[in-house]
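What follows is a single structure, written as structure tokens, with notes after it.
The values are calculated or read from the model by the stated rules, or taken from the named source; none is laboratory data. All of these numbers come straight from a predicted model, not from anything done at the bench. No Cβ is skipped: glycine too gets one built from the backbone with ideal geometry, and neighbour counts run over all protein chains shown. Each accessible area value is taken on the protein alone, full model and side chains, heavy atoms only, with ligands, DNA and RNA left out. Shrake-Rupley method; radii C 1.70, N 1.55, O 1.52, S 1.80 Å.
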Amino acid sequence: MAFQLDKIVRQHLKDLKPYSSARDEYTGKEGIFLDANENPYGTPGIVRQDIAFHRYPDPHQLRLKKRIGEIKEIPPDYIFLGNGSDEAIDLLIRAFCNPVTDNIVINAPTYGMYQVAAAINEVTVKEAVLTPDFQLDRQHIAAAIDDNTKILFFCSPNNPTGNLMSTKDIVQWAKKFEGLVVVDEAYIDFTDTPSLIEALPDLPNLVVLQTLSKAWGMASLRLGMAFASPEIISWLNKIKPPYNVNGLTQQKALEVLENPNQKEKLVSQIISQREKLSLALQQHPLVEHVYPSDANFLLVRVQEAKSVFDYLIMEKIIVRDRSNVLYCEGCFRITVGTEEENQLLLKKMAHYYENMRKS
Ligand SMILES: Cc1ncc(COP(=O)(O)O)c(C=O)c1O
């Protein structure tokens with residue numbers, strides 16, 4: 001049966017009257033603004049007034065959506081912007097999954113926020129375990145889906161495994177599944193594989209998530225993107241907090257997005273460092289395996305993981321211990337740093353190997 005959005009939107013939202021903010025009623029830039037109970041004089045300690053910190057920001061982020069639309073070659077009404085893509089994950093679950101009765105399916109091991117956002121919303125998570133080489137397992141996915149499954153989450157390239165999932169498989173699921181298919185492409189800039197954004201015209205149930213936190217180097221400012229049909233996007237807009245993307249983020253993102261060439265250069269630098277680090281780690285006596293990566297991190301299996309981790313922390317080198325994650329026993333997820341940072345990591349690991357393990 002064909003996908004029907006109306007069938008999966010939570011019933012009570014259909015009657016929801018969203019909050020109408022002061023800035024919804026008048027969208028002009030010039031005027032005497034006495035509508036939003038702001039401080040008319042400015043912001044203490046802020047001399048520069050080019051970012052009007054004392055004014056509420058554009059709730060619809062129109063300029064930013066226009067610019068992102070140009071870059072991604074998609075109309076602005078296909079774009080939702082959130083306080084990180086984590087916000088989009090939460091809103092998708094809130095808009096389409098009824099607490100207690102509904103569930104989402106994730107492909108484990110994967111990014112932890114799908115589970116957390118579902119748990120906060122009292123939505124069950126069903127895990128379809130990946131194959132041991134971290135690919136999608138058709139049978140596991142089919143077994144996990146039931147009548148109450150509203151969202152299928154795919155993460156490609158996947159966190160923490162670093163690999164791309166088969167685009168063909170994801171598209172097949174999107175064609176077959178009657179709920180939403182969400183593809184999290186937080187790390188897509190680190191691969192040559194095209195984004196699934198280009199499949200949106202053919203797949204009305206597809207949502208693609210991306211973020212400015214990784215390749216674009218804007219993690220602190222928090223800007224996540226969801227791309228989907230205008231109908232799906234309008235539900236997210238209906239339930240989002242009115243000013244979910246703050247003014248500083250909107251302004252800075254516009255500046256950052258004027259520099260796609262520089263972003264490409266940084267991505268190339270990160271990829272070249274990733275390859276260097278991967279080679280060096282493969283030759284390291286403490287390392288059992290370095291998984292191939294399409295992202296800006298490496299999943300690395302090391303001997304004596306717990307004590308290596310503690311030693312690195314003591315040396316103020318912080319990696320992510322993924323030992324407790326399925327298939328990742330003894331593994332660290334190591335973000336690719338600068339050349340100097342990577343060298344220091346290797347040096348400290350060598351130091352641990354030579355000295356610490358003896359004591
Ligand atoms: C797969 C994946 N999706 C989403 C996010 C969150 O991105 P944002 O910073 O946009 O909330 C992360 C962050 O690590 C991630 O690994």
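For region 215-229, the tally of residues that are among the aromatic types (Phe, Trp, Tyr) and surrounded by fewer than 23 Cβ atoms within 10 Å (Cβ to Cβ) stands at 1.
Can ALA280 be described as open to solvent by less than 10 Å² (accessible area, probe 1.4 Å) and either among the polar types (S, T, N, Q) or outside any loop (DSSP other than H, G, I, E, B) (or both)?
For ALA280, the condition - open to solvent by less than 10 Å² (accessible area, probe 1.4 Å) and either among the polar types (S, T, N, Q) or outside any loop (DSSP other than H, G, I, E, B) (or both) - is not met.
The set of residues from region 320-350 being over 24 Å from GLN269 (Cβ atoms) and either free of Cβ contacts under 8 Å to residues at least 40 places away in the same chain or in contact with a helix residue (DSSP H, G or I) (Cβ under 8 Å, 6 or more places away or on another chain) (or both) comprises ASP321, SER323, ASN324, GLU329, GLY330, CYS331.
Figure legend. Inter-residue proximity from region 89-100: first residues in contact (Cβ under 8 Å) with a residue 40 or more places away in the chain, second residues away from the ligand (no atom under 16 Å from the Cβ) and aromatic (Phe, Trp, Tyr), beta-carbon distance below 6 Å, spacing 6+ or different chains. Indicated pairs: ALA95/TRP235. Among the residues of this structure, PRO292 does not count as one that is surrounded by fewer than 20 Cβ atoms within 10 Å (Cβ to Cβ) and in the same structural domain as PRO157 (by TED's automatic domain parsing).
Provide a single number: the residues in region 110-125 that are open to solvent by 60 Å² or more (accessible area, probe 1.4 Å) and more than 16 Å from the ligand (Cβ to nearest atom). Qualifying residue count for the region: 3.
Contact map, region 207-227: residues that are in contact (Cβ under 8 Å) with a residue 40 or more places away in the chain and on the phi > 0 side of the Ramachandran plot paired with residues that are within 7 Å of the ligand (Cβ to nearest atom) and part of a loop (DSSP other than H, G, I, E, B), Cβ distance under 6 Å, separation 6+ or inter-chain. Pairs shown: ARG222/GLY84. Read through the list (1) assigned to a loop (DSSP other than H, G, I, E, B); (2) within 30 Å of THR149 (Cβ to Cβ); (3) open to solvent by less than 70 Å² (accessible area, probe 1.4 Å); (4) not aliphatic (A, V, I, L, M), then give the number of the only condition that LYS17 fails. LYS17 satisfies every listed condition except (3). The residues in region 181-206 that are in contact (Cβ under 8 Å) with a residue 60 or more places away in the chain, within 16 Å of the ligand (Cβ to nearest atom) and either within 23 Å of GLN115 (Cα to Cα) or part of a helix (DSSP H, G or I) (or both) can be counted, and the count is 7.
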